[in-house]
Structures are given as C-alpha cells and as structure tokens.
Amino acid sequence: SAITNHMPTAELQALDAAHHMHPFTNGDELNAKGARVITRAKGVTLTDSEGNQILDAMAGLWCVNIGYGREELAEVAARQMRELPYYNTFFQTTHVPAIALANKLAELAPGDLNHVFFAGSGSEANDTNIRMVRTYWAMKGKPTKSVIISRKNAYHGSSVGSGSLGGMTYMHAQGGMPIPDIHHINQPHWYAEGGDMTPEEFGLARARELEEAILELGEDRVAAFIAEPVQGAGGVIIPPETYWPEIQRICDKYEILLIADEVICGFGRTGTWFGSITMGLRPDIMTIAKGLSSGYQPIGGSIVSDEVAAVIGSGEFNHGYTYSGHPVAAAVALENLRILEEERVVDHVRDVAAPHLKAKWEALSDHPLVGEARIIGLMGSLALTPHKDSRAKFASDAGTVGLICRERCFANNLVMRHVGDRMIISPPLVITPEEIDTLIARATKALDECH
Ligand code: PLP
C-alpha cells in the first residue's frame with residue numbers, strides 16, 4: 001500500500017530505517033530513535049508528522065533563502081516541465097532557461113565574472129573547478145601548475161574531488177582522499193586556535209601561511225587557492241578583518257587563481273549578493289549552488305572570469321554533467337532570483353533582519369554556557385564553553401554538549417545545527433523581526449536547559 005503523510009510516525013520511521021540510507025547520519029542512532037519526518041513547510045516554519053511547528057533556523061541546509069512554500073516556483077517548474085522537461089547543453093545545443101540564467105548570473109556577479117558552467121550541486125561545481133583551473137594552466141602552457149591550496153576544516157562538498165578540496169579529516173579518513181595535488185593550510189579560526197595573538201595578528205599570520213605554502217610548493221606548481229568567504233559547515237568561522245585583504249594580495253602577487261566557494265555565502269546570506277562583495281574579494285571563479293534556487297531544485301555552477309572563460313573556451317573542455325543547466329532547475333533558479341531582486345530580499349537582510357538578529361544574537365554571549373557569539377548577515381555561531389572568558393573547550397567527548405543543545409533546540413521547536421561544540425544558524429533570508437525574537441527565545445530556553 002502507498003506510503004503517505006497520513007501514516008503514524010512510528011510506521012514511517014520503521015519503513016525509513018528499513019530501506020533508506022541517510023547522508024551524514026549515524027545508523028545506530030537512526031535505528032534507535034527514528035528520523036524526524038518533515039511533512040510540509042511554509043515561510044520559515046516546518047511541520048513534522050506529529051504536527052509540531054518548528055522554526056527552521058538552518059534554512060534546510062543553508063539553502064532555502066526565499067523561505068518555503070513559494071507558489072511561483074512551483075508554477076514555473078510545472079510550466080517548464082510541460083514545455084521542455086529535459087534537454088542537455090552538450091555538443092552545440094542550448095535552451096532558453098540555461099541562456100537566461102547564465103545571463104542573469106553574469107549581471108549579478110561582481111567584476112568580470114561573466115560566464116557560467118552549470119552543475120547539479122555544489123560538489124559537482126567544485127569538481128568542475130578542480131578540472132577547470134588545471135586545464136586553464138595547461139592551456140596557458142603551464143601544465144605543472146596543478147596544486148590547489150585549500151584549508152583545514154573547509155567544506156567544499158562530498159564527492160571524492162570536492163571532499164578532497166575540503167579539509168574535513170573524518171571524510172579523508174574514509175580512504176582515497178585527498179586526491180593528489182591538494183594542499184591544506186590552517187584556517188583563520190581565532191577563537192579556537194588564536195592563542196595569545198590578537199584577532200588581527202592572527203588573521204595576518206594565517207593568511208601568510210598561503211604565501212609560505214606557495215613558496216614551499218614552488219610558484220610554478222600552484223594553480224589556485226579555494227576558500228569559503230565565511231567557513232560555513234566548519235562552524236560559521238568569521239575570519240579576522242586582516243585575513244582576506246592579505247589573501248587577495250598574495251593571490252595577486254603570485255598569479256594564483258582565487259576560487260571563492262559561495263555555495264553558502266552567495267545570494268544574500270552575508271547581507272550583500274555574494275560573500276566576495278562583503279569581504280572585498282576579486283575571485284577568478286565563484287562556486288554557487290544552494291541559494292541559487294533556494295533549494296527548490298538541485299542546481300549549482302561555477303561563475304568564471306572573462307580571462308578564464310577565454311582560455312577554457314579556446315579548446316574543448318572535456319567535462320560536463322547530464323544535468324548541467326537542467327531546464328527545470330534553471331527556470332526555477334531564475335524565478336528565485338527574480339523574487340530575491342524584486343522583493344529586495346538582500347536589502348531586507350542588510351537593513352532589517354541582520355541588524356535585529358545581530359543585537360540579540362551577540363547578547364547570547366552573556367549566557368553562562370556561551371564563550372563567543374558571532375554573526376555576519378544571517379549566519380551565526382555560538383561557541384559553547386565550560387569556562388566563560390577563557391576560550392576553554394569541553395575536555396572530553398567533544399560535541400556532546402553541542403548535540404544535547406541541538407536536541408534541546410528541537411524539543412523547543414527550533415532547528416539549530418551543532419558542529420562539535422559550536423551551535424550555528426543560517427535562517428531563511430525572509431525571516432521577520434518577530435520570527436527572530438521567537439528564534440532567540442527558543443535558543444535561550446534550549447541553552448538554559450542544557451546548562
Ligand atoms: N561548498 C560549500 C561551501 C558548502 O557549504 C557545500 C554544502 O554544504 C558544498 C560546497 C557542497 O554542495 P552540495 O551539497 O550541493 O554538493
């Protein structure tokens with residue numbers, strides 16, 4: 001018989017555990033407790049199979065920027081499916097949704113980032129980037145420039161290529177990663193690793209590790225540096241102000257391509273259209289996904305500079321995905337961008353939501369369990385600590401307190417995520433001041449309950 005929303009939760013959970021393998025989920029935990037069944041969503045609110053109304057302070061996985069339940073996107077998807085549900089963009093064919101979306105992105109992206117290579121996700125887009133930068137240098141007659149420098153604790157996706165770019169050691173430990181010619185330097189995580197340095201000194205020191213790595217590896221071997229403007233999945237790590245200007249200087253000096261992974265920061269998250277704008281970067285390539293379609297359809301891509309596109313376009317780039325520029329995903333993304341623009345959602349983040357949230361979020365640092373509360377735009381983190389003011393970590397079982405806190409949040413109808421003992425948020429960009437007050441009230445109650 002059909003499996004529907006109307007079935008009892010326990011029955012759905014049993015069927016789920018029997019046949020569905022979940023990403024990034026502990027199987028024993030899943031079997032013991034069962035997965036939460038989300039049945040519908042509207043605005044910033046999820047409904048589960050028990051009828052609970054849950055404020056989603058993670059926008060799904062940092063992606064539902066315009067909020068849930070926008071009919072316009074459903075309409076566009078249905079229309080596009082009827083007209084042209086699928087065609088590819090290989091071998092000298094194209095279609096209107098891909099043309100229109102690429103043109104729109106060229107208009108929105110900063111500087112001379114005017115050309116788009118589509119993918120189905122952020123991971124795929126970063127795999128494209130690995131091949132694109134190596135092909136770029138080979139076509140310029142410098143095939144030895146193949147090393148990509150990334151950062152420890154970065155997240156760039158879960159395919160073997162993008163997982164190698166990422167700096168998550170627990171992923172590398174699965175074997176075969178990182179692939180050759182990927183080099184990781186330290187992250188600019190002052191709270192955890194800054195020691196006695198001021199944030200400014202530390203930001204400079206960590207940026208200079210890029211220069212040291214280039215000199216150690218040899219300038220003639222380094223193709224690119226990749227980083228998230230603000231590290232997201234690593235725990236919302238906002239770099240000291242000295243960090244990015246120094247990185248840009250080093251990339252310019254050694255002619256290293258700069259890849260800004262905007263999968264989270266793109267499309268308004270930090271209060272401007274792209275994290276690169278907020279941080280004052282001039283990337284050669286930007287990785288995009290998530291907020292590009294607000295998660296309504298799977299789509300990602302690489303937006304590349306005139307120079308990179310000219311070199312890559314001078315021959316055949318032997319790369320592409322069946323769903324590169326998928327017409328339904330592209331049409332939905334275009335409609336999402338129309339809504340973001342016409343409803344001035346990025347202005348709402350900058351002028352209304354982010355200032356309102358910032359004041360209340362930073363006040364959470366007064367809580368006995370919170371060592372640091374930081375936020376930029378609508379992405380924020382709380383460092384949980386056993387000893388306030390000393391930046392101390394919990395001695396054993398790192399992440400246990402974070403996990404308990406996440407569970408207390410959920411019990412209070414709030415989705416916050418934990419990364420070890422950091423609590424993080426990234427709510428839909430359309431969140432109202434009243435909803436922010438609810439978020440803060442529930443987060444405070446959860447913190448109180450796990451103290
Ligand atoms: N890059 C960043 C910065 C991300 O945060 C993510 C996903 O969280 C990815 C890439 C991978 O994107 P996807 O899960 O769509 O493959």
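Listed values, structure above:
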item	result
Gained length - Asn26 relative to Glu449, 0.36 nm times residue gap less alpha-carbon distance	149.8 nm
Using θ = phi - 60° and Karplus 6.51 cos²θ - 1.76 cosθ + 1.60, couplings along the stretch 232-247 (whole Hz; Gly, Pro as x)	x, 4, x, x, 6, 9, 8, x, x, 4, 6, 5, 5, x, 6, 4
Footprinting exposure proxy for Phe267, Phe410 (fewest neighbouring C-beta atoms within 10 Å first)	Phe410, Phe267
Quarter of the Cα convex hull surface for the stretch 361-409, i.e. its orientation-mean projected area (nm²)	3.6
The stretch 402-451: radius of gyration over Cα atoms, expressed as a fraction of 2.2 N^0.38 Å	1.09
Long-range tail of P(r) for the stretch 146-271 (Cα pairs > 17 Å, %)	56
For the stretch 298-308, Karplus couplings with θ = phi - 60° (6.51, -1.76, 1.60), whole Hz, Gly/Pro x	x, 7, x, x, 10, 9, 10, 6, 3, 5, 5
Rel. contact order, % - alpha carbon contacts under 8 angstrom, at least six apart, the stretch 72-342	30
Cα→Cβ-extended label distance, 7 Å offset, between Ile38 and Arg131, nm	3.1
Most to least packed among 249-260, 120-131 [average Cβ atoms within 10 Å]	120-131, 249-260
Cα convex hull of the stretch 287-355, projected area averaged across orientations, nm²	6.2
Potential extension, Ala310-Ser365 segment - 0.36 nm per residue separation minus Cα distance	14.9 nm
Euclidean distance of C-alpha centroids, the stretch 84-104 and the stretch 411-428, integer Å	37
Estimated distance in nm for a label pair at Phe91 and Glu107, the labels positioned 7 Å out from Cα along Cα-to-Cβ	3.3
Stokes-Einstein D for the stretch 127-190, Kirkwood Rh over Cα pairs, 25 °C, 0.890 mPa s (µm²/s)	201
Pairs of lysine residues in the chain - Cα separation under 25 Å, sequence separation of 8 or more or cross-chain	21
Rg(Cα)/(2.2 N^0.38 Å) for the chain, N = residue count	0.97
The stretch 28-97 - Rg over Rh from alpha carbon coordinates, Kirkwood radius	1.16
Per-residue ³J(HN,Hα) for the stretch 158-163, Karplus 6.51 cos²θ - 1.76 cosθ + 1.60, θ = phi - 60°, Hz, x for Gly and Pro	10, 6, 4, x, 5, x
Sites Gln174 and Val352, calculated FRET efficiency, Cβ-Cβ separation with R0 30 Å, nearest 0.05	0.10
Segments 295-306, 75-86 sorted - mean Cβ within 10 Å per residue, highest first	295-306, 75-86
The stretch 310-431: radius of gyration over Cα atoms, expressed as a fraction of 2.2 N^0.38 Å	1.50
Value of [θ]222 nm, deg cm²/dmol, for the chain, DSSP H segments ≥ 4, -39500 (n - 2.57) each, nearest 500	-12000 deg cm²/dmol
Part-to-part distance (alpha-carbon centres) for the stretch 223-282 and the stretch 307-329, which is given in Å	23
Kirkwood hydrodynamic radius over Cα pairs of the stretch 1-131, then Stokes diffusion coefficient at 10 °C and 1.306 mPa s, in µm²/s	85
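Coordinate-derived values only; no laboratory data. From a predicted model like this one, the values you see are computed outputs, not experimental measurements. All Cβ positions, glycine included, derive from the backbone under ideal geometry; neighbour counts span all protein chains shown.
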